[in-house]
1. Does any residue in the range 191-220 that is free of Cβ contacts under 8 Å to residues at least 60 places away in the same chain and among the polar types (S, T, N, Q) come within less than 7 Å, Cβ to Cβ, of a residue that is more than 9 Å from the ligand (Cβ to nearest atom) and in a helix (DSSP H, G or I) six or more places away or on a different chain, and which pairs are these?
2. Mind listing whichever residues of the range 269-280 are more than 9 Å from the ligand (Cβ to nearest atom) and either of a type in the set (Gly, Ala, Ser) or touching a helix residue (DSSP H, G or I) at 6+ places or on another chain (Cβ under 8 Å) (or both)?
3. If you scan the range 42-63, which residues turn out to be surrounded by 15 or more Cβ atoms within 10 Å (Cβ to Cβ), farther than 21 Å from Ala91 by Cα and over 18 Å from the mean Cα position of the chain (by Cα)?
4. Taking the condition of being more than 14 Å from Ser249 (Cβ to Cβ) and away from the ligand (no atom under 13 Å from the Cβ), how many residues in the range 281-301 meet it?
5. Would you call Ser156 touching a helix residue (DSSP H, G or I) at 6+ places or on another chain (Cβ under 8 Å), at pLDDT 95 or above and exposed (fewer than 14 other Cβ atoms within 10 Å of the Cβ)?
6. Going through Ala135, Ala91, Ala130 one at a time, which residue ends up being touching a residue at least 12 places away in the same chain (Cβ under 8 Å) and over 19 Å from the mean Cα position of the chain (by Cα)?
7. Go through (1) part of a loop (DSSP other than H, G, I, E, B); (2) surrounded by fewer than 22 Cβ atoms within 10 Å (Cβ to Cβ); (3) within 20 Å of the chain's Cα centre (by Cα) for Ile245 and report which single condition fails.
8. Tally up the residues in the range 191-224 that are acidic (Asp, Glu) and in a loop (DSSP other than H, G, I, E, B), please.
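The values are calculated or read from the model by the stated rules, or taken from the named source; none is laboratory data. Since the model is a prediction, treat every value here as computed from it, not as a measurement. Positions of Cβ are backbone-derived with ideal geometry, glycine not excepted, and every protein chain shown enters the neighbour counts.
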Amino acid sequence: MEHSPLRRRTVPIVNPLRNLILAAAGSDALRRLVATAPVSRDVVRRFVAGETTAQAVAVAKDLVDSGLTVTLDHLGEDTTDRSDAEASVQAYLELLDGLKSAGLTARVEVSLKLSALGQAFDERLGLDNAARICAAAEQAGTTVTLDMEDHTTTDSTLRVLDELRRSWPTTGGVLQSYLRRTREDARALSGAGSRIRLCKGAYAEPESVAFGTTHGVDLSYVQCADELLAGEGYPMFATHDPRLIEIISEQVKTHKRAQGSYEFQMLHGIRPDEQHRLAALGETVRVYLPYGSEWYGYLMRRMAERPANAALFLRALTSRS
Ligand SMILES: Cc1cc2nc3c(=O)[nH]c(=O)nc-3n(C[C@H](O)[C@H](O)[C@H](O)COP(=O)(O)OP(=O)(O)OC[C@H]3O[C@@H](n4cnc5c(N)ncnc54)[C@H](O)[C@@H]3O)c2cc1C
């Protein structure tokens, strides 16, 4: 199973296509069809940089040239052994080399999932592997953000973040507004220099730990944003939600936050016009850019999230294949 943090919706939004598409995500035949159909490759490119480091660096450069900043995510499987974890580390080391050679590290950082580095079976290994990537990122002149995965990993990921920040204080973390605990975490992590991405959260979580309604998640997002903006850290607002973007734009004024003391983040291929609109207003906008051979599951989840994307995709497939 591909391990992107974006794999599951938590707020049960009823979308009849969702289950069908997620079922299709497991189909090898469909994967082959998607990978070879020319138009569908364009659809893939809308969301994913490509399979190789060179493609990832090239797309990141285009985004930077257009006025955006980037965080690159190497897509991979949930890692269950040391050799897979090592392969993930090597992919990031190669990527950081490529970004440095291309002169992109002032505007491009990397996002990583501890589950890809061994956290699930050995937290210490996950920490050591993440530390190797942080050291390489520092050498290259950039930063690392640790994606947040499902709630069973939250404590472990925050422990690892705390440990990494002792040597690399700019290491970023992620908080998910759907979790009931997050407002408190946001307050605790709002200190000077603390880079924290705030997102709604992408996993199917039980009501015991997560708000069960869209309203609850959104309200929590606004409250957590307020905690982060009231502190001295560097909040990174990851959302495509126009209402939240509007509210955050008001909150930054209330907190007298200067542009550049926070940023907006969105996924590659989602609301690109909005990304450029915000950048044109002087905001820092960072695009989350996934790449790697495990793109298929990631793409299917983007389709499942939004019927309009699925319709675009299915039209592309049926008209050319
Ligand atoms: C940069 C980034 C990093 C992330 N990192 C993590 C992470 O580490 N861990 C984690 O659990 N989750 C992560 N997520 C995923 C996140 O938690 C949400 O699942 C995802 O972003 C969808 O939530 P949303 O805030 O965009 O709003 P949604 O509730 O999905 O959408 C709200 C509104 O936004 C607009 N919108 C949404 N999608 C589209 C679209 N495709 N086209 C046009 N309009 C659209 C629509 O108006 C929609 O009604 C990340 C998301 C981003 C953007």
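1. Partner pairs satisfying both residue conditions: Ser220/Thr182; Ser220/Arg183.
2. Listed by number, the residues that qualify are Leu278, Ala279, Ala280.
3. If the condition is that a residue be surrounded by 15 or more Cβ atoms within 10 Å (Cβ to Cβ), farther than 21 Å from Ala91 by Cα and over 18 Å from the mean Cα position of the chain (by Cα), then Val43 is the only one that fits.
4. Counting residues in the range 281-301 that are more than 14 Å from Ser249 (Cβ to Cβ) and away from the ligand (no atom under 13 Å from the Cβ) gives 8.
5. Against the criterion (touching a helix residue (DSSP H, G or I) at 6+ places or on another chain (Cβ under 8 Å), at pLDDT 95 or above and exposed (fewer than 14 other Cβ atoms within 10 Å of the Cβ)), Ser156 does not qualify.
6. Of the residues listed, the single one that is touching a residue at least 12 places away in the same chain (Cβ under 8 Å) and over 19 Å from the mean Cα position of the chain (by Cα) is Ala135.
7. Only one criterion in (1) part of a loop (DSSP other than H, G, I, E, B); (2) surrounded by fewer than 22 Cβ atoms within 10 Å (Cβ to Cβ); (3) within 20 Å of the chain's Cα centre (by Cα) is unmet by Ile245, namely (1).
8. Adding up the residues that qualify gives 2.
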